[in-house]
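To keep things clear, I will list the structure first and then write my remarks on it.
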Amino acid sequence: MNISITKTTTPRQKPDEKNLGFGKYMTDHMFTMDYDAEHGWHNAQIIPYGKIEVDPAAVVLHYAQETFEGLKAYRTSDDRILLFRPEMNAKRMQNSNRRLCIPEIPVEDFVEAVKALVKVEADWVPREPGTSLYIRPFVFSTDCQIGLHTSFVFKFVIVCSPVGAYYAAGVNPVKILVEEEFVRAVQGGTGFAKCGGNYASSMLAQAKAEEKGYSQVLWLDGHERKYVEEVGSMNIMFKINGEIYTAPIDGTVLPGVTRDSIIHILKDWGYTVHEQRVAIDDLMKAGQDGSLEEAFGTGTAAVISPVGLLDYKGTQVTINHFENGELTMKLYNYLTGIQWGREKDPYGWTTEVK
Ligand code: COI
């Protein structure tokens, strides 16, 4: 892929790395690439960060034909910059695109684009412990038509944001409300795809949960509202009687890169991992009788996030005395150790940006 690069002449002031929050600051440049039926993907460029002109009749604005990804670049103590499993994000975007009728971007092109942009933005990869550069690739239809038909014109964009912890609480237990009224996904729908529509339809539940003092909602399956699926911005795992349980990837749950990595690590550490449906009633019982030892979310933004309390229909269970679990923190330290280059990477998951 031939990427043309135009550097900004007005670089932004970098934010205080101790107070980055999540997704509040954008870097100086972005990657863009266009698609049309005649040329396929073409016009790959890195340009100064700025507004994108979109026609008011663009399909994305009306019918949400869009998919996105999230990955991070990490600065090591010897000043190298590492990406974590970027080809998994590329493949997941291809799966999402197939579901949303968006042309696939070749894995090599996706990874090359990410690397090229991170190289240009190298100074934006923060140094403060616990920080990283969040990378947000997204693709959307710019075809102009109000009728609901196949689109033939698309744009792929990558932007970056230096970030700290996703939750204001940092790496500390969060409170989760089990959602009873709304559902996120059903079989045959788009639950497995990383598309904006899934997140748009989750916002009402999220707003209600936040109003009541919870960080996020835990989604139940859309058919029986009985089985635990995932949390707003992360997959979720439970340690019950020493074994790990998490919802299977069967069409309604997002196939998380962090989820996959943690399952690999847990199995290598000798844990039994059940990728199977867990009924919310059983989970609450396990919470009450103490066999639910730990719960944690996994996600690129959330990393490994301890869950300290679940509320289902007004009944609350506190997990591990609302303290960070031992296994949760061991996983957090090991995974982030690989990502920040502190630990050896026996899996070959990290790729250096040079
Ligand atoms: C990520 O973890 O990368 C996500 O895309 C979740 C998003 C809600 C921040």
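Numbers for the structure displayed
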| read-out | value |
| --- | --- |
| The chain, relative contact order in percent, only Cα pairs under 8 angstrom and at least six apart counted | 18 percent |
| Rounded Å value of the spacing that divides the Cα centres of region 76-117 and region 6-61 | 16 Å |
| Farthest toward positive dipole pole in region 4-163 [+1 Lys/Arg, -1 Asp/Glu at C-beta], among LEU133, THR6, MET93 | LEU133 |
| Residue-averaged [θ]222 nm for the chain, counting only DSSP H segments that reach four residues, each worth -39500 (n - 2.57) | -7000 deg cm²/dmol |
| Accessible surface, the chain, averaged per residue in Å² (probe 1.4 Å) | 44 Å² |
| The chain: angle of helix 107-120 to the longest principal axis, Cα-based, in degrees nearest 10 | 80 degrees |
| Stokes-Einstein D for region 227-354, Kirkwood Rh over Cα pairs, 10 °C, 1.306 mPa s (µm²/s) | 105 µm²/s |
| Per-residue SASA entry for ASP109, accessible area with 1.4 Å probe, Å² rounded to 10 | 30 Å² |
| Cα-centre dipole for region 174-339 with unit charges at Cβ (Lys and Arg positive, Asp and Glu negative), debye to 20 | 260 debye |
| Mean Cα-pair separation over length for region 174-339, i.e. relative contact order, pairs under 8 Å, 6 or more apart, % | 24 percent |
| Per-selection Rg to Rh, the chain - Cα, Kirkwood hydrodynamic radius | 0.97 |
| Simple Cβ-charge dipole of the chain, Lys/Arg +1 and Asp/Glu -1, about Cα centre, in debye nearest 20 | 540 debye |
| Radius 14 Å from Cβ of ASN97, net charge of other residues (Lys, Arg +1; Asp, Glu -1) | +2 |
| 3J(HN,Hα) from dihedral phi, region 171-177, Karplus parametrisation 6.51/-1.76/1.60, rounded to Hz, x for glycine, proline | 8, 9, x, 10, 9, 10, 9 |
| Percent carbon-and-sulfur accessible area, the chain, ignoring ligands, DNA and RNA, probe 1.4 Å | 49 percent |
| Column: log10 I(q)/I(0), Debye, Cα scatterers of region 206-286, q = 0.13, 0.17, 0.27 Å⁻¹ | -0.43, -0.72, -1.37 |
| Kirkwood hydrodynamic radius (C-alpha pairs) into Stokes-Einstein, region 157-263, 20 °C and 1.002 mPa s, D in µm²/s | 143 µm²/s |
| Estimated translational D of region 1-123 in µm²/s (Stokes, Kirkwood radius over Cα pairs; 37 °C; 0.692 mPa s) | 200 µm²/s |
| Of ILE102, TYR35, SER161, farthest towards positive along the dipole that unit charges on Lys, Arg, Asp, Glu beta carbons give region 4-163 | SER161 |
| Sequence of ARG75, ARG277, ARG127 when ordered by accessible area, the most exposed leading, probe 1.4 angstrom | ARG127, ARG277, ARG75 |
| Separation between Cα centres of region 294-354 and region 260-285, rounded to whole Å | 13 Å |
| Segments 325-332, 3-10 sorted - mean Cβ within 10 Å per residue, highest first | 325-332, 3-10 |
| Members of LYS91/LYS175; LYS7/LYS119; LYS91/LYS155; LYS24/LYS194; LYS14/LYS208; LYS18/LYS91 lying beyond 23 Å, as alpha-carbon distances in this model show | LYS91/LYS175; LYS14/LYS208; LYS18/LYS91 |
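The values are calculated or read from the model by the stated rules, or taken from the named source; none is laboratory data. What you see is a predicted model, and the numbers here were worked out from it, not measured in a lab. Glycine also receives a Cβ, built like all others from the backbone with ideal geometry; neighbour counts cover every protein chain displayed. Note: accessible area is taken over every heavy atom of the protein model, side chains too, but ligands, DNA and RNA are not part of it. Shrake-Rupley method; radii C 1.70, N 1.55, O 1.52, S 1.80 Å.
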